[in-house]
1. Suppose we filter region 34-85 for residues that are farther than 21 Å from SER157 by Cβ, in contact with a Leu (Cβ under 9 Å, 6 or more places away or on another chain) and part of a loop (DSSP other than H, G, I, E, B); how many remain?
2. Condition (residue is hydrophobic (A, V, I, L, M, F, W, C) and either outside the structural domain of VAL146 (by TED's automatic domain parsing) or surrounded by fewer than 18 Cβ atoms within 10 Å (Cβ to Cβ) (or both)) applied to region 109-118: is it met by at least one residue?
3. Tell me which residues, restricted to region 142-164, are buried (at least 18 other Cβ atoms within 10 Å of the Cβ) and either modelled with pLDDT of 95 or more or aliphatic (A, V, I, L, M) (or both).
4. Among what's in region 1-53 and is of a type in the set (Val, Ile, Thr) and at pLDDT 90 or above, pick the residue that is farthest from the chain's Cα centre (by Cα).
5. Output the residues belonging to region 53-96 that are surrounded by fewer than 17 Cβ atoms within 10 Å (Cβ to Cβ) and either under 24 Å from ALA122 (Cα atoms) or not assigned by TED's automatic domain parsing to the domain that holds TYR179 (or both).
6. Filter region 180-203 for residues that are closer than 23 Å to THR70 by Cα and surrounded by fewer than 18 Cβ atoms within 10 Å (Cβ to Cβ) and give the result.
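The values are calculated or read from the model by the stated rules, or taken from the named source; none is laboratory data. No experiment lies behind these values; they were computed from the predicted model shown. As a convention, Cβ positions derive from the backbone with ideal geometry for all residues, glycine included, and neighbour counts pool all protein chains shown.
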Amino acid sequence: MKKLPILLAGMTLFGSAQATVYQFDFTAKIQEMVEFSPLTFSGGPVASSSLSGSTVSVGDQLTGHFSYDTATGVFSHFGGGTMYAAPAAQNSLDVSIGGASIALGGASYSSTNVQVANNAAALGGADSFGIANVSANAYASQMMAVSFFDKSGLALSASTMPGQLDFANFSQSSFYYTYSSNATHAMMGANGALTSVTITQESIPVPVPEPETYAMLLVGLAALTWKARRR
């Protein structure tokens, strides 16, 4: 029974770090829209567009949900901020108009990323936080995002993945949506302002094994294997 303490020594470290997923509901209103064709270099502001297969119009009220996972790893640094992305991370962004989701059906690719910028020089010392979903299928590609901006630079204390944010500390908030047809390359873009943000889940604790955990487990397993071979 001497092998049991060795295995338990590694297992007791599980959960020593905790990831947290914060979830929010929001509403927004579309204020501006454009259509553009890169093939003919034509287009401009429009009141509505059905390029995506459903009609999207200026004045439409949006409802959405987003979440961000504090355990998401760093993907890149750019523009004075840090982008966080990982396939297994619980980051999400869903948006509906009139109860119908604007997500691409049958997406062959989908990634939800988080960007954090604290006192970014590229933003004049401002803070920003954003979450965006980029997806594509055989017919089109699209991006939808929510973004929060604070000119004073006081909303964030670092460019690391934040704990629960108070979005009232940001002076501006926006919603962005772009859609591009693979067949015609025609593009549609819409943007507007968020009208409300409400937290729907305080946190979801998720055990995250630290590097030391894996090391201890490997040591324990190696010891068990060595003992088994001696017998």
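1. Of the residues in that region, 1 qualify.
2. Initially, region 109-118 is screened for residues hydrophobic (A, V, I, L, M, F, W, C), giving 114, 116-117.
Now restrict to residues that are either outside the structural domain of VAL146 (by TED's automatic domain parsing) or surrounded by fewer than 18 Cβ atoms within 10 Å (Cβ to Cβ) (or both): none.
Checked region 109-118: no residue is hydrophobic (A, V, I, L, M, F, W, C) and either outside the structural domain of VAL146 (by TED's automatic domain parsing) or surrounded by fewer than 18 Cβ atoms within 10 Å (Cβ to Cβ) (or both).
3. Within region 142-164, GLN142, MET144, ALA145, VAL146, SER147, PHE148, ASP150, ALA155, LEU156, MET161 meet the criteria.
4. Filtering region 1-53 down to residues of a type in the set (Val, Ile, Thr) leaves 6, 12, 20-21, 27, 30, 34, 40, 46.
Within this subset, residues satisfying the condition of being at pLDDT 90 or above are 20-21, 27, 30, 34, 46.
On the way: THR20: 14, VAL21: 11, THR27: 17, ILE30: 21, VAL34: 25, VAL46: 29 Å.
Ranking the candidates gives VAL46 first.
5. Correct list: GLY73, VAL74, PHE75, SER76, HIS77, PHE78, GLY79.
6. SER196, THR198, ILE199, THR200, GLN201, GLU202, SER203
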